[in-house]
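The values are calculated or read from the model by the stated rules, or taken from the named source; none is laboratory data. These figures come from a predicted structure and were not determined experimentally. We place every Cβ from the backbone using ideal geometry, glycine too, and count neighbours over all the protein chains shown.
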There are 4 protein chains.
Amino acid sequence: MSDNSDNVIKCLDKGFVRLVDSMGGDNAIVQAARVSYGKGTSKLSQDRGLIRYLMRHRHSTPFEMVEFKFHCKMPIFVARQWVRHRTANINEYSLRYSEARDEFYYPDPKHIQFQSALNKQGRMGEVTPELKQKVQDYFKEISERSFEIYSELNQAGIARELARSILPVNLYTEWYWKNDLHNLLHFIGLRSDSHAQYEIRVFSDAMAESVKSVAPFAWEAYQDYIIKGMRFSRIEQSLLERTLPDRVIDDINEDIAYQLTATLHSNKPREETDLYPLYIKEGGVDSEEDFKLKWDSGEIEIGNVRELREFKLKLESLKN
Amino acid sequence: MSDNSDNVIKCLDKGFVRLVDSMGGDNAIVQAARVSYGKGTSKLSQDRGLIRYLMRHRHSTPFEMVEFKFHCKMPIFVARQWVRHRTANINEYSLRYSEARDEFYYPDPKHIQFQSALNKQGRMGEVTPELKQKVQDYFKEISERSFEIYSELNQAGIARELARSILPVNLYTEWYWKNDLHNLLHFIGLRSDSHAQYEIRVFSDAMAESVKSVAPFAWEAYQDYIIKGMRFSRIEQSLLERTLPDRVIDDINEDIAYQLTATLHSNKPREETDLYPLYIKEGGVDSEEDFKLKWDSGEIEIGNVRELREFKLKLESLKN
Amino acid sequence: MSDNSDNVIKCLDKGFVRLVDSMGGDNAIVQAARVSYGKGTSKLSQDRGLIRYLMRHRHSTPFEMVEFKFHCKMPIFVARQWVRHRTANINEYSLRYSEARDEFYYPDPKHIQFQSALNKQGRMGEVTPELKQKVQDYFKEISERSFEIYSELNQAGIARELARSILPVNLYTEWYWKNDLHNLLHFIGLRSDSHAQYEIRVFSDAMAESVKSVAPFAWEAYQDYIIKGMRFSRIEQSLLERTLPDRVIDDINEDIAYQLTATLHSNKPREETDLYPLYIKEGGVDSEEDFKLKWDSGEIEIGNVRELREFKLKLESLKN
Amino acid sequence: MSDNSDNVIKCLDKGFVRLVDSMGGDNAIVQAARVSYGKGTSKLSQDRGLIRYLMRHRHSTPFEMVEFKFHCKMPIFVARQWVRHRTANINEYSLRYSEARDEFYYPDPKHIQFQSALNKQGRMGEVTPELKQKVQDYFKEISERSFEIYSELNQAGIARELARSILPVNLYTEWYWKNDLHNLLHFIGLRSDSHAQYEIRVFSDAMAESVKSVAPFAWEAYQDYIIKGMRFSRIEQSLLERTLPDRVIDDINEDIAYQLTATLHSNKPREETDLYPLYIKEGGVDSEEDFKLKWDSGEIEIGNVRELREFKLKLESLKN
């Protein structure tokens, strides 16, 4: 257990995310996976490879072995979106038990935007300074007036649980929030997405910083295989199959044969004379002469053997 | 599947609970339990007995086999408590996607009360009519003014997801909410309790009506064994052991011996001559003469054999 | 609620899957989504479109509003994989409470295969009839001998919970299993996959039949967007970007412009003279003459407007 | 994070429980509760008091803030009961991917018992040495023969996922198992209970040792309020109400008045002259003379003020 009491990241005008504690990291993912999938070696580079393999093939349970606990402060309307992630454990500040505090979210002018016409859940466009000022004035008016009333009712002795119902959802609340890495990544995948509301994205991005430092390989793999990839539906795939010339696919596969050869050679260096046969074995079709020319050009990148092979299979499946 | 579109129960001033659909009932509990615990017979009375046995011994999984789906409309501050029950499935009205509607909760005067001094989460006492009027005026003021501003910002084209942040938590929202019977009973146990906030209790009580009609035996058993019972902690129990005279326990056990005899006789009638031996076997210590006298008085109630035996064991354990 | 007591699908040599009950279907998905995303119209074709939109954009909560309950009988080693899906509710036959029954899984000869060399979790290749016979004999030997011993210990009065520990994992067990559609689809996605063990795939495929008949649109959308699609990782995508000629992408996009035009025309028929301008607006670059030629060929398929637009964006992003 | 690699507790003949890691302890419970219920002071004694209050009133969320991760090795039939606790995260040794190891559970003679006649899920009574020997021989026979066959099929190249199906459920498996304290306590409550099967109780008791050392106050409170207490159902309660003489209740309450006085005096020492008035205020009815006599006897224990008051209320409610 480590108490990371200084890891505070400020969010919006008065909120924050603070990593309170965490359990495990990349090592814990590897440790758990090795119970399921056997021992193997444990060099750092192999840890990374194993984590990437697990992520690529959606073996999610080892990622559940890492746990994060955050202390967060955010507007109620953000908390309302956040709480829908049901695997988390939560302890929130209670307005039945404690008095509300005079802290409201006022949007920064640059985040005051118009309703998006395209995206029913988004914003867009530049608002005039006058309208921005009006929005800010209104936020201030409602926040201050509602807190004034709340305070007066409170002093008159009205039950807190009732008086609080006139407070607006830009009031700040706070909580302890604990979740495992698998579900935290899923949260970040949804809430750091460009379609998420700006005000929750800020908090999601802040938690992402903790993930990056506690489990850097897992973070990298999540980006590479889940977030940044590209997915084609069955319909799109069949369009691709119909329209992508086989010749183009063959060209790409030829590139892959070179890249595979270079990668295998890099992992375990071969004799000069073994390189062309290796390239042929990996599906290359260039003549030995052409092979040498291209090989010596020094332009061939190396990659990951498994991924290159999987990519080849996908491309083959797109052929007519 | 049954679409119970008329089962609307009004809650608070503008809310409701509507049972949209349900799957299974007492029969489904019995059906599932019989897979685990063997076939047995299936008379209605035995179904009730089995359900009560399951509840008494906290065999909760068969109760998870019954499912309820409700359409509900409630103030946001109620939804915020409600959503903490994490096993439920929820689809809520989205203020990012749709416009807010001008519907706010105004408390009825009789529910405007003072903060409880004893219970930090409760209310108590009678508030003066003047103060009640003031509370109502303030609710109206904030609700109307915030909606006026919201509408103006909306018309000016400001993004809905931002404009909504000045709306107070007494705004009504609505959702579809689906949960299994075990977790629904747990919800009702907590939220229909006298310590729950009045405004959520109303909704919990409304859902309880659905449970009563869909799974009446399960409801009854939940009341008898979970809600209405009495629990003594280890400390209290040791005080009882020290202070409760054994003589008193013997008296109660004597009553139980009569009640057991009557119950067994009622379940399977005996010859007159077999009754006293049965009573002795059940731990009775009265003479045959006394037994006859008391037996003929007609004052002996019948109960449930298993429960009476369990009660006897508990009492014995309180003896010094 | 509907009791579908005849829906039994036999699985393996002695197992089965039976849909006991279900709640909701495609309609329930639409109903729940409309609470979140607004009313709109409700023609059947629009229901399908909405369900496909929800699936494509991973809006999973409406799919949780549909519930399935199955009665299943399977070997213990299958049950052990199955039970790892934690959102389900389960009541299993108890070998502490009830006696084991003499029912063991004997694999059909055609499913007796070698360990896959490529896939550490798979099988492959044709086994000789002699070895197949040996496997079958061994299964029979262990099953019969262990049950013989179990029965003898049972008759000698040894506790069932202990005696059962010598029974092999090919013994059949049974349970009631209840889950919501979202999680059931996830189960089927994993367990009907070609990498899943044959013996659980059979059960997964059987449950898929129920999904197909209870929620056909949801099933179709799950196939089109989750199962049958193709995903490229960040690495693969960058290889595609580097190697796919822009010219090829332009060709595909040209096809899409025709398909979009045809689809829009099909949804809302246009005047003849409005077709070419529409095609241009959708990004077509052919001359009007070429357009007419191709248009009149009758070879242009129609699709879904949103999907075609999304596909176009993806292809554009692959350009250098 | 702390790697407790030496915390191995042996269980059964070849199994173990090892605390791999934990996050938080009593302090984390208090920390989370204080976000919800306000700051207060933080003396150690007050931490204990707060934890006991939370447990007594079933405020379970703060207990979810503590996390445990264990490495465990147990027979498959134990794992099958264990896995039904669905909140846990699990990574288990895979017999599809890895070869089975020759490790089977052989019960110690003293745990070979007869089937209980009373409890369908239990064992009882002393088995003859001859029968014990027979049980042990049979366990050995099936375990050795099944492993012999498994090894032969394995060497012949038969797929591991198929060959393993003839292995009995007393084969050892292992896993990483992670859960939060609230759910771990629930597990221990059920599985360390005398009605649980002996073979899982051993593992539950081993994990209990970790809880005791990581969160001693929480453990103590769980014992006092959940495990060791006594619960009376509505029916039992009404029998108590009818049969427990009010006089006896008054006697107990009189004892409580003394105990309350002593406790308050111990918490905040009073002047001699203030003790009797305090006692009267707490509901005492003895004369001042009697009070002094009893007080000076030195036999009055001290307790917890809140608990004593709650106990008094319960007893009052039992009066006719």
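Based on what the data block shows, is C:ASP246 among the acidic types (Asp, Glu), surrounded by fewer than 22 Cβ atoms within 10 Å (Cβ to Cβ), more than 11 Å from chain D (Cβ to nearest Cβ) and free of Cβ contacts under 8 Å to residues at least 40 places away in the same chain?
no
Determine which single condition C:ASP102 fails, assuming it passes every other condition in (1) at pLDDT 95 or above; (2) surrounded by 16 or more Cβ atoms within 10 Å (Cβ to Cβ); (3) not in a strand (DSSP E or B).
It is condition (2) that C:ASP102 fails.
Here is a check on your reading of the model: is D:ILE188 of a type outside the set (D, E, K, R), assigned to a helix (DSSP H, G or I) and either touching an Asp or Glu at 6+ places or on another chain (Cβ under 6 Å) or not assigned by TED's automatic domain parsing to the domain that holds D:ARG306 (or both)?
Spelling it out, D:ILE188 is indeed of a type outside the set (D, E, K, R), assigned to a helix (DSSP H, G or I) and either touching an Asp or Glu at 6+ places or on another chain (Cβ under 6 Å) or not assigned by TED's automatic domain parsing to the domain that holds D:ARG306 (or both).
Among what's in the stretch A:277-320 and is of a type in the set (Asp, Glu) and within 14 Å of another protein chain (Cβ to nearest Cβ), pick the residue that is farthest from C:ARG234 (Cα to Cα).
A:GLU299
For the stretch B:88-104, what are the residues that are more than 19 Å from B:CYS11 (Cβ to Cβ) and either among the hydroxyl-bearing types (Ser, Thr, Tyr) or within 7 Å of chain A (Cβ to nearest Cβ) (or both)?
Those that are more than 19 Å from B:CYS11 (Cβ to Cβ) and either among the hydroxyl-bearing types (Ser, Thr, Tyr) or within 7 Å of chain A (Cβ to nearest Cβ) (or both): B:SER94, B:ARG96, B:TYR97, B:SER98.
Can you tell me which residues in the stretch C:74-87 are within 14 Å of chain B (Cβ to nearest Cβ) and surrounded by 22 or more Cβ atoms within 10 Å (Cβ to Cβ)?
C:MET74, C:ALA79, listed by residue number.
Just for the stretch A:281-306: of the residues that are touching a helix residue (DSSP H, G or I) at 6+ places or on another chain (Cβ under 6 Å) and either assigned to a helix (DSSP H, G or I) or outside the structural domain of A:LEU264 (by TED's automatic domain parsing) (or both), which one is surrounded by the fewest Cβ atoms within 10 Å (Cβ to Cβ)?
Filtering first and then ranking leaves A:GLU288.
What is the one condition in (1) within 12 Å of chain D (Cβ to nearest Cβ); (2) farther than 15 Å from C:GLU99 by Cα; (3) at pLDDT 95 or above that C:LEU184 does not satisfy?
(1)
Check the stretch C:275-285 and report whether any residue there is of a type outside the set (D, E, K, R), closer than 30 Å to C:ARG191 by Cβ and either modelled with pLDDT of 80 or more or touching a strand residue (DSSP E or B) at 6+ places or on another chain (Cβ under 6 Å) (or both).
no
Going by the conditions given, is B:ASN253 within 25 Å of B:GLN237 (Cα to Cα), at pLDDT below 85 and part of a loop (DSSP other than H, G, I, E, B)?
no
I'm trying to understand the selection: among the residues of the stretch B:259-269, which are more than 32 Å from the chain's Cα centre (by Cα) and either surrounded by fewer than 16 Cβ atoms within 10 Å (Cβ to Cβ) or closer than 17 Å to B:SER287 by Cα (or both)?
Within the stretch B:259-269, B:THR261, B:LYS268, B:PRO269 meet the criteria.
For residues that are surrounded by 18 or more Cβ atoms within 10 Å (Cβ to Cβ) and hydrophobic (A, V, I, L, M, F, W, C), scanning just the stretch A:122-143, find the one that is nearest to B:VAL135 (Cα to Cα).
This residue is A:ILE142.
Residues A:MET23, A:MET55: which one is at pLDDT 85 or above, surrounded by 21 or more Cβ atoms within 10 Å (Cβ to Cβ) and either touching a Phe, Trp or Tyr at 6+ places or on another chain (Cβ under 7 Å) or outside the structural domain of A:TYR172 (by TED's automatic domain parsing) (or both)?
A:MET55
Could you list, in sequence order, the residues of the stretch D:287-320 that are acidic (Asp, Glu) and at pLDDT below 85?
D:GLU289, D:ASP290, D:ASP296, D:GLU299, D:GLU301, D:GLU307, D:GLU310, D:GLU316
Check A:SER146 against each of (1) buried (at least 23 other Cβ atoms within 10 Å of the Cβ); (2) in contact with a Phe, Trp or Tyr (Cβ under 7 Å, 6 or more places away or on another chain) and name the one condition it does not meet.
Evaluating A:SER146 over (1) buried (at least 23 other Cβ atoms within 10 Å of the Cβ); (2) in contact with a Phe, Trp or Tyr (Cβ under 7 Å, 6 or more places away or on another chain) leaves (2) as the failure.
Could you go through the stretch D:251-272 and let me know if any residue there is within 26 Å of B:PHE311 (Cα to Cα) and touching a strand residue (DSSP E or B) at 6+ places or on another chain (Cβ under 7 Å).
No.
Given the conditions (1) more than 9 Å from chain C (Cβ to nearest Cβ); (2) within 17 Å of C:GLU310 (Cβ to Cβ), and given that A:GLN237 satisfies all but one, which numbered condition is not satisfied?
(1)
Within the stretch B:183-200, track down each residue that is crowded, with 20+ Cβ neighbours inside 10 Å and either over 26 Å from A:PRO75 (Cβ atoms) or among the hydroxyl-bearing types (Ser, Thr, Tyr) (or both).
Answer for the stretch B:183-200, where residues must be crowded, with 20+ Cβ neighbours inside 10 Å and either over 26 Å from A:PRO75 (Cβ atoms) or among the hydroxyl-bearing types (Ser, Thr, Tyr) (or both): B:LEU184, B:LEU185, B:PHE187, B:ILE188.
Check the stretch A:76-85 and report whether any residue there is assigned to a loop (DSSP other than H, G, I, E, B), assigned by TED's automatic domain parsing to the domain that holds A:TYR222 and free of Cβ contacts under 8 Å to residues at least 12 places away in the same chain.
For the stretch A:76-85, residues assigned to a loop (DSSP other than H, G, I, E, B), assigned by TED's automatic domain parsing to the domain that holds A:TYR222 and free of Cβ contacts under 8 Å to residues at least 12 places away in the same chain: present.
Within the stretch B:219-241, can you find the residues that are of a type in the set (Gly, Ala, Ser), surrounded by fewer than 17 Cβ atoms within 10 Å (Cβ to Cβ) and either touching a residue at least 40 places away in the same chain (Cβ under 8 Å) or out of contact with any strand residue (DSSP E or B) (no Cβ under 7 Å at 6 or more places or on another chain) (or both)?
Selection gives B:SER238 alone.
Going residue by residue through the stretch A:263-276, is there one that turns out to be in contact (Cβ under 8 Å) with a residue 40 or more places away in the chain, of a type outside the set (Phe, Trp, Tyr) and farther than 16 Å from C:SER238 by Cα?
yes
Taking the stretch D:201-239 only, how many residues are part of a helix (DSSP H, G or I), more than 13 Å from the chain's Cα centre (by Cα) and under 26 Å from B:LEU313 (Cβ atoms)?
6
Any idea which residue in the stretch A:105-133 is farthest from B:GLN155 (Cα to Cα), counting only those that are at the interface with chain B (Cβ under 9 Å from one of its Cβ atoms) and not in a loop (DSSP other than H, G, I, E, B)?
Among those that are at the interface with chain B (Cβ under 9 Å from one of its Cβ atoms) and not in a loop (DSSP other than H, G, I, E, B), it is A:HIS111.
Please verify whether A:SER165 is more than 7 Å from every other protein chain (Cβ to nearest Cβ), crowded, with 17+ Cβ neighbours inside 10 Å and touching a helix residue (DSSP H, G or I) at 6+ places or on another chain (Cβ under 8 Å), treating the condition exactly as stated.
In short, no.
Do any residues in the stretch B:136-154 that are more than 7 Å from chain A (Cβ to nearest Cβ) have Cβ atoms under 6 Å from those of residues that are assigned to a helix (DSSP H, G or I), where the two are at least six apart or on different chains, and which pairs are they?
Within 6 Å, the pairs are B:TYR150/B:ALA163; B:ASN154/B:ALA163.
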